[in-house]
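The values are calculated or read from the model by the stated rules, or taken from the named source; none is laboratory data. If you're wondering where the values come from, they're calculated on a predicted model, not measured in any experiment. Cβ: placed from backbone, ideal geometry, glycine included. Neighbour counts: every protein chain shown.
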Amino acid sequence: MHKIRILAFVLVWVGSLVMASGEIHPSLIRNHAAIAYATTPVTDAVAQLNGRLQRGEVTFQKKGPSGYLESVLDVLGVPIESQVLVFSKTSFQAPRINPTNPRAIYFNDTVSVGWVRTGPVLEFVAHDPKQGAIFYTLEQSATGIPQFERNDTCVMCHASDATHNVPGMFIGSVFPGVDGTTMYGPAYTTDHRSPFDLRWGGWFVTGTHRANRHMGNTVATNPVDLAAMVTPESVHVTKLDGRFDMTGYLSPSSDIVALLVLEHQAQMLNLITRVGWEARVGDEAHRPLEAAAAELVDYLLFVDEAPLPGPISGPTAFAGVFSSQGPRDSRGRSLRQLDLDRRLLTYPCSYLIYSEPFDGMPAAAKAAVYERMWEVLTGQETSDRYDTLSDADRTAIIEILRETKKDLPAYWLASVGSQDRVTSP
């Protein structure tokens, strides 16, 4: 208790010093009056579903060991094909998680659902258009009308440098021991920029690819040589048969394509939240809004994407389900089209540009993001690091967005092509 009090005092003291200097420390931004993360009302998908439950507009049905899981996924529009499996002990239900009882995660663009077999609750992360990631649990043994409970204790682990210091998700890669406990060694936060060989330690990964190494599907048994856990047999896994009892799991796979999408998505949503929050706190933010927008745009346009060892294919219908959602332009092109050979997407611009969290950013933040995108896509930004975007990529992204994104600034619509060097206002 004394340590907790001392820590609380230190945080307040540090926060006061930073405020006195005219800036907010990045880790304290959620406590700013303009954010008020813990008290501001939210309208995310789970909050809305809670209201529907209370009004009797929807009900959940329990089904076997997974309880409410399948019913909840259906109501929230979360595809079963998105299932990925993590067996490292990296959840508040950690004592129940291990390689023979992995935690299943299902997701769509703005909601992620976690299920642990024998666990008392389902876990949820829903992205509010204004407040970012909101954490909930749902009691599996509830009687009467089930209700989602907000669980802000998750923020203790889910608001750090790994999430850009806003509440959010992140994908970790660790060296797991035989029971799923993280061994003493390197741990990585991974996204589409991460080398393929460092990904997925502590996860099951099913599918085909041409890589010689990744860290999934295996455990470390030699504390002196953790890397020895990776073998050709662990790298190339298409089925999980015989690895654990699959009773209760909605899919027998942990689809590699779903993992690739989730990795990108987690950090994209965190960056959207971060830029929106910095715009809301204004001059007290720790950097100019233009710098925050530039970081977001680099990620949104996959500027630093690590090459993929394709062709990559998953064992489920996830890729087709994901790509079918659109929207599409008059030529049938979509930002959800998957490449899966040398990169994740056919057109390197995040589909989350259509999401409610992106649309919910303050006007100043969206203006800064659109302006920076225009500078990059039209070649006004001449740094060599943007050479990864070909002329064809740039032209296609602009053309697709012109037909499918309704709130583009007028200068996006005024010119003919991506190389017109049109200067935004």
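Scan segment 220-229 and give yes if some residue there is under 25 Å from Phe107 (Cα atoms) and either surrounded by 15 or more Cβ atoms within 10 Å (Cβ to Cβ) or of a type in the set (Phe, Trp, Tyr) (or both), otherwise no. Working first, answer last.
Pass one, segment 220-229, residues under 25 Å from Phe107 (Cα atoms): none.
Looking for residues that are under 25 Å from Phe107 (Cα atoms) and either surrounded by 15 or more Cβ atoms within 10 Å (Cβ to Cβ) or of a type in the set (Phe, Trp, Tyr) (or both), one finds none in segment 220-229, hence no.
Scoring Tyr184 on the criteria (1) at pLDDT 95 or above; (2) more than 15 Å from the chain's Cα centre (by Cα) leaves a single failure, condition (1).
Each row is one residue, and each column tells you yes or no for (1) at pLDDT 95 or above; (2) small (Gly, Ala, Ser).
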position	(1), (2)
Thr190	yes, no
Gly201	yes, yes
Val205	yes, no
Ala220	yes, yes
Pro223	no, no
Val230	yes, no
Met246	yes, no
Ala258	yes, yes
Val261	yes, no
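Looking across segment 234-290 at every residue that is among the charged types (D, E, K, R) and within 30 Å of Ala365 (Cα to Cα), the one that is surrounded by the most Cβ atoms within 10 Å (Cβ to Cβ) is identified as Glu278.
In segment 248-257, is there at least one residue being in a helix (DSSP H, G or I), more than 17 Å from Met373 (Cβ to Cβ), touching a Ser or Thr at 6+ places or on another chain (Cβ under 7 Å) and of a type outside the set (Phe, Trp, Tyr)? Yes, because at least one residue in segment 248-257 is in a helix (DSSP H, G or I), more than 17 Å from Met373 (Cβ to Cβ), touching a Ser or Thr at 6+ places or on another chain (Cβ under 7 Å) and of a type outside the set (Phe, Trp, Tyr). Contact annotation: no residue pair with Cβ atoms under 9 Å, 6 or more positions apart or on different chains, pairs a residue in segment 390-410 that is in the same structural domain as Leu344 (by TED's automatic domain parsing) and farther than 25 Å from Gly360 by Cβ with a partner that is acidic (Asp, Glu) and assigned to a helix (DSSP H, G or I).
The single condition among (1) closer than 22 Å to Pro102 by Cα; (2) assigned to a loop (DSSP other than H, G, I, E, B); (3) not hydrophobic (A, V, I, L, M, F, W, C) that Ser234 does not meet is (2).
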